[in-house]
Structure formats: C-alpha cells, structure tokens
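Reading through the structure tokens given below for one structure.
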Amino acid sequence: MRLTKGFLVPAALAIGLALAGATVVKALILVAKSPAAQQRTDIGKQSTKLTLCMAKATLKCEANGTSNAPECNIVDPDSSTVPDPKGKIIPKYKAALNKCASKLDFSKKSATNDPVTDYTGIGCPGDSDPNTAGNQPFTDLNAYQANVAPNARSQLHLLGAILQAICADNQCTVDQGTLGLAYAKGLLKCVGKCEDDYNNKAGNGGGTDDMTVCTAGSADPNMQACVSSALEKAQKKGTLNATLKSSLEAAVASASNGLYNEDDCP
C-alpha cells in the first residue's frame, strides 16, 4: 500500500488504547486531582501515545508496499509481505514497534507505590482472558501494562481493515485516512478533557461513570461543541466516510469507557 505523508490508519488511533469495553459491574468514581485520578489520566495518555507510535511505524513500513492490501503485519511482522529486497524494512519495522512499547511506564505517577493497589485503585482495566465472557482482571498494574502493547497490535490489525473495506483504490485510502486521522485526534482530545472534567466545562465526565456523556453522541452541550469542532476541522479538505466516522467513534467510546467508567475488580 503506497501512502502519502500524513496518512495514518485512523481506526488504529482509537483502539490502540487497548482497553476493551464491557458491561459495567459496579461504579468507580475517583476524586478530582487525587493520586489515583492523576495516574489513570497518565495511563490513558501513554496508551494513546503507544497507539500513535505503532500506527506511525506501520505507516512507514506500508509506504514501501505495492498493493491496496496491508502488507506490514503488525501482529506478526515476520509474516509481512511488503517488498524488502535488502532485508532492512521488516527488521526496522519490528524495532520501531518494540521501541514504542518500551516507553510505557504506567507506574510513572504511581498513586500507592504498589502495582496491586495502583491497579485496583483505577478499577482493574483491561482483560486478561479474552476467551472468557466479560473482562477478567490482571494480577496487577505490571501485568496489565505488559498486555497493552500486544493487545494494541491486535486492535490495530483488525481496525486497519476498515479503510480497505470502504475504499476501491489507494487514493481513497489516503484521503479517508488523512481525514480520519484528523478527526480521531480531535475526538480523543475531547474525550480526555471530558473524562477529566469535574467542573462542567468540557462535558463533566469526571464525577460520573455515565457511558455516553464523554462520547461523540453525548447530550452534553460542551462535549457536543468540542466534537463538532473536531469534525469540522477534520473535514476542511474533504468529507469523512460515514462508516469510518462511526467506527472511530465507537472504538474511542469503548476504549475510554474501559479505562474511565468501568470497575472490573473482583
């Protein structure tokens, strides 16, 4: 897949947070500016950066491709089909993905200096056993962190197929990818501000575990305004495909709810 500068598989951004959504078992509302709330916010930011980093690495690899189909396999880079006559592209791709993951440090703003209580303190996000219904907690924050990068790879791999499904040629993929990237970045900013807002200025999501208030379909006027602005800015040079738009919004909602609005601790 040949890609122009600035293209990034947009769906990847959203779910590259690697925090799958599930049915809420019980509520967990953290106190504003508390150590746990600050750590949770930092984990969300790190997860987003991880996704961006991995998506950009995939972009750089895909730029060497020759077909419409993805040729750089983010789940199993060794099985990538991208032309690599000098044997340099795939090794660099693997190194880049590993470098992205190496930057994770979920204990950077530790609330308790203990990986177990840090993890339970933010509601035990993530799923240690995807083959079992519901989210199965990890043993501690370290185990959760270790799973984030591999899970992000899986989500990016699945969501990256959306562009291929909606586009008949490479130019469409490039154009829609660029539009989707711009919207995803803006939407993620809106959601982050909303979930950290306890003063009713950006959606007021901090004091509630409501699953919709900090989503693209929110009824909150401040959140609505932010999302509308993000979409308007993203579509300055074209119209974002409706299927891609809704997929991005659903993915972002699932990711943010998994971290901010679900308590899956036993």
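Values as computed for the structure displayed
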quantity	calculated
The listed residue being surrounded by fewer than 22 Cβ atoms within 10 Å (Cβ to Cβ), at pLDDT 95 or above and under 28 Å from K245 (Cα atoms), out of A161, A111, A101, A146	A101
Lone qualifier among A101, A55, A149, A63 - being in contact (Cβ under 8 Å) with a residue 40 or more places away in the chain and more than 21 Å from the chain's Cα centre (by Cα)	A63
Residues of the range 8-55 satisfying the condition of being closer than 15 Å to P125 by Cβ, modelled with pLDDT under 80 and not β-branched (V, I, T)	G16, L17, A18, L19, A20, G21, A22, K26, A27
Of the criteria (1) under 17 Å from the mean Cα position of the chain (by Cα); (2) within 26 Å of G238 (Cβ to Cβ); (3) buried (at least 23 other Cβ atoms within 10 Å of the Cβ), which one C194 fails	(2)
Members of the range 79-91 found to be more than 17 Å from L156 (Cβ to Cβ) and exposed (fewer than 14 other Cβ atoms within 10 Å of the Cβ), listed by number	P83, P85, K86, G87, K88, P91
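Residues checked against (1) modelled with pLDDT under 90; (2) of a type outside the set (G, A, S); (3) more than 30 Å from F138 (Cβ to Cβ); (4) buried (at least 17 other Cβ atoms within 10 Å of the Cβ):
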residue: M223; (1), (2), (3), (4): no, yes, yes, yes
residue: A230; (1), (2), (3), (4): no, no, yes, yes
residue: E249; (1), (2), (3), (4): no, yes, no, yes
residue: N261; (1), (2), (3), (4): no, yes, no, yes
residue: C265; (1), (2), (3), (4): no, yes, no, no
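So that you can scan it fast, the table gives a plain yes or no per residue for (1) assigned to a loop (DSSP other than H, G, I, E, B); (2) aliphatic (A, V, I, L, M):
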position	(1), (2)
I162	no, yes
D175	no, no
G186	no, no
V191	no, yes
T212	yes, no
C226	no, no
L231	no, yes
S254	no, no
L259	no, yes
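The values are calculated or read from the model by the stated rules, or taken from the named source; none is laboratory data. Note that the structure is a prediction, hence the values are computed from the model and not measured. Quick reminder, even Gly has a Cβ in these numbers, built from the backbone with ideal geometry, and neighbours come from all protein chains shown.
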